């Protein structure tokens, strides 16, 4: 019936697995929960008890293999028809999370479902505000709005997909650094005309990074985007960042933007790590850094 796949990195995933396990038992279905730790340096002892839960498996890798490879590895170890990808730093909003998906499996002919991501309304510490605001405005999208742009509003976490479909597509293992591996996978679904059914069955995203760390990971993701866009046309076709950069190039102001970014970078970062970060400034920061990368 259902294989739940949880990639873990530096996070205590045991509470999540315990809740998923409880819900699966309550539904009385055939299930397995497979967790693979991608060579974490923290929380290993907290995740070890996962292996003692029935139908649960916990594997620790000795070497980090990255987000694409670990998701493919999880699927390769699964045995059931349906795969449910869940990030380790999330948690079901509702106690009928699993049963909602089981109903979809039994009643719908669709092959892929996305349940959505939400954030708690509790305001975090000031040094975590950028990630929280970004999540609230850009990721926690109502199902009615997600249905209008089904591919652009889908994430891999909380994605339920038939294994036979996943095995044809797989994640691009050439993407070894952080960022855009999920975007590339979703774009493959779009190009193959594989429909995604958006449903109301959300996960809370719990792990709020500091604003400084979020900026650092954003820069790494943009470096990854630049690298893979040179060989992956589906990224180039549908990436807002790349489209914006091309417009700036057409107007021959891309180098000016790159120089402005270098001059203003510290001021932008000061604002984005402050108590009132602006997503407009964040968007300018991203395109500025991408122009800078292309100018090197």
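Read-outs throughout are calculated quantities, based only on the coordinates presented, and are distinct from any laboratory measurement. Fair warning: this is a prediction, and the values are worked out from it, not measured in the lab. Here Cβ is always computed from backbone atoms with ideal geometry, including for glycine, and neighbour counts include all displayed protein chains.
Figures for the structure shown
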read-out: Calculated FRET value between residue 55 and residue 283, using beta carbons and R₀ = 41 Å, to 0.05; value: 0.40
read-out: Relative contact order (%) - the chain, alpha-carbon pairs under 8 angstrom, separation at least six; value: 19
read-out: Chain lengthening between residue 10 and residue 163 when straightened (0.36 nm per residue, less Cα-Cα); value: 52.4 nm
read-out: Helix 254-272 axis, angle to the chain major axis (alpha carbon atoms, nearest 10°); value: 60
read-out: Antiparallel content of DSSP bridges confined to the chain, in %, to 5; value: 35
read-out: Helix 211-229 axis, angle to the chain major axis (alpha carbon atoms, nearest 10°); value: 90
read-out: Computed FRET value (nearest 0.05) for residue 266 with residue 230, which takes r as the C-beta separation and R₀ as 30 Å; value: 0.55
read-out: Answer label for P(r) over Cα pairs in 10 Å bins from 0, in percent (calculated), chosen among (i) 6, 26, 35, 24, 8, 2, 0; (ii) 6, 22, 26, 23, 14, 6, 2, 1, 0; (iii) 5, 23, 32, 25, 12, 3, 0; value: (i)
read-out: Helix-only CD estimate at 222 nm, as mean residue ellipticity for the chain, using -39500 (n - 2.57) per DSSP H run (n ≥ 4); value: -14000 deg cm²/dmol
read-out: Between 0 and 90°, nearest 10: helix 14-27 axis offset from the chain longest Cα axis; value: 50
